[in-house]
1. With Thr151, Thr158 as the choices, which residue is touching a residue at least 24 places away in the same chain (Cβ under 8 Å), open to solvent by less than 50 Å² (accessible area, probe 1.4 Å) and within 16 Å of the ligand (Cβ to nearest atom)?
2. Filter the range 172-199 down to the residues that are of a type in the set (Val, Ile, Thr) and within 21 Å of Leu241 (Cβ to Cβ), then identify the one that is surrounded by the fewest Cβ atoms within 10 Å (Cβ to Cβ).
3. Is it true that Leu228 is closer than 24 Å to Ser260 by Cα, in contact with a Leu (Cβ under 8 Å, 6 or more places away or on another chain) and away from the ligand (no atom under 16 Å from the Cβ)?
4. On the basis of being of a type in the set (A, V, I, L, M, F, W, C) and either open to solvent by less than 20 Å² (accessible area, probe 1.4 Å) or farther than 20 Å from Pro92 by Cα (or both), does Ala169 make the cut?
5. Take the residues in the range 67-96 that are within 9 Å of the ligand (Cβ to nearest atom) and among the aliphatic types (A, V, I, L, M), then tell me which one is surrounded by the most Cβ atoms within 10 Å (Cβ to Cβ).
6. How many residues does the range 118-148 hold that are modelled with pLDDT of 95 or more and crowded, with 16+ Cβ neighbours inside 10 Å?
Amino acid sequence: MTDWYEIVQRVEALEDVALDRSLIGDMQARWPALPSREDLRINFYTPTFKSFNTSELSSCGKSAWPAVSITGGDCKLQCDHCKAKILEPMIPARTPEDLWRVVNEIVADGGQGMLLTGGSNHRNQVEYGPYWSTIRRIKDEFPQFKIASHTALMDEDTARCMAQAGIDAAMMDVIGSQETITQVYHLKRTVDDFEATLEALVATDMKVVPHIVVGLHYGHLLGEWNALEMLQRHLPDAVVLVVVMPFYAPAHRPFVTPDSGAVGRFFMDTRHALADTPLLLGCARPPGMAKMQIDTYAVMAGLNGIAHPSDGTVELAARLERRVQVTPACCSIAVGDEVMAVENGNGIELDLEAVLAHERAARATQPPAQATGTLGGIQVVDAGSRSAGGCCSA
Ligand code: SF4
């Protein structure tokens, strides 16, 4: 079998990316132990793929899956990596009446669903109580309208209320380090509280898609493997991995960019620990070189999905003979509709033979500088006729 490190070197877009050869060797060595490796699809979530070009991805400004916050931009926790900034661009719906109005506007605008979230109180609870009957009304009036919701911490009764209200997918950040809970989240709750929430959610009939924020402890990996063990004990429907982007960290509590090799090693361990669970790399990850490294390791580790992949990542997957799919999801993938893409399985499978034949032919007929690299120019499908959200038609 060809050395995976040599394979990645053949992808022009990745040839200058500094990679940990020993980690790649470990990934290749452990690959045969994965029971589902033959069927392991990898799905790339992009707004469009008529001509696969990551420069197009930033051009999408409209979302079929907007994010709505029941507290607007307010959050009592003010975690060190976020400072509630994630809430600022969301649509505010500070009352149940506002939520009803906002959803009607989203539906009228062609939206397919929403991420419903809000800032936390001091116990890391989002106070959804007054909204349950409105959410039920929304689901009764618009049964096709999907709602994914960040749960934060909740008990069994609240998880049941959430399910009865009709929430389709529940998402929470699973934190496995007490130091991180205390220091980064400023929270007097325990790791057990996070596990109890996860247990309560998986006991409902909602889709449960927890997130692990890799590098949450000021850019260092600390509780991630413990969080992974929690997920093994309470198997969810899918897991989203994101890598911390601490743009809003206060100067006196700085974050470092997580080490890409450590992130890749965690991807590999997660893949093997949750061999039958869909694993997705969400949008949030550091940009630039780190993103290219992280995406490369995500492909090699065997993750099932990557949102907004870096240049060269699709080609790498093709060269590693993965079953490659593309789901024309919109920018809203950033807020968690990965789960719906998994549920629907509506990705479009690329013809790998055609991709590789194209690459071989290009190398044979073009100067080396143009011979390989991205899949730009490969007309794999008419995205205009298959677009999921009707946006990003660039
Ligand atoms: S609880 Fe959530 S929204 Fe509030 S600061 Fe922390 S990460 Fe941000």
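1. Of Thr151, Thr158, the one residue that is touching a residue at least 24 places away in the same chain (Cβ under 8 Å), open to solvent by less than 50 Å² (accessible area, probe 1.4 Å) and within 16 Å of the ligand (Cβ to nearest atom) is Thr151.
2. Selected residue: Val191.
3. So Leu228 fits the description; yes.
4. Yes.
5. Ile86
6. Going through the range 118-148 one residue at a time, the tally reaches 15.
The values are calculated or read from the model by the stated rules, or taken from the named source; none is laboratory data. For clarity, every value in this text was computed on a predicted model and none was experimentally measured. Counting neighbours? That spans all protein chains shown, and the Cβs are built from the backbone with ideal geometry, glycine included. Each accessible area value is taken on the protein alone, full model and side chains, heavy atoms only, with ligands, DNA and RNA left out. Shrake-Rupley method; radii C 1.70, N 1.55, O 1.52, S 1.80 Å.
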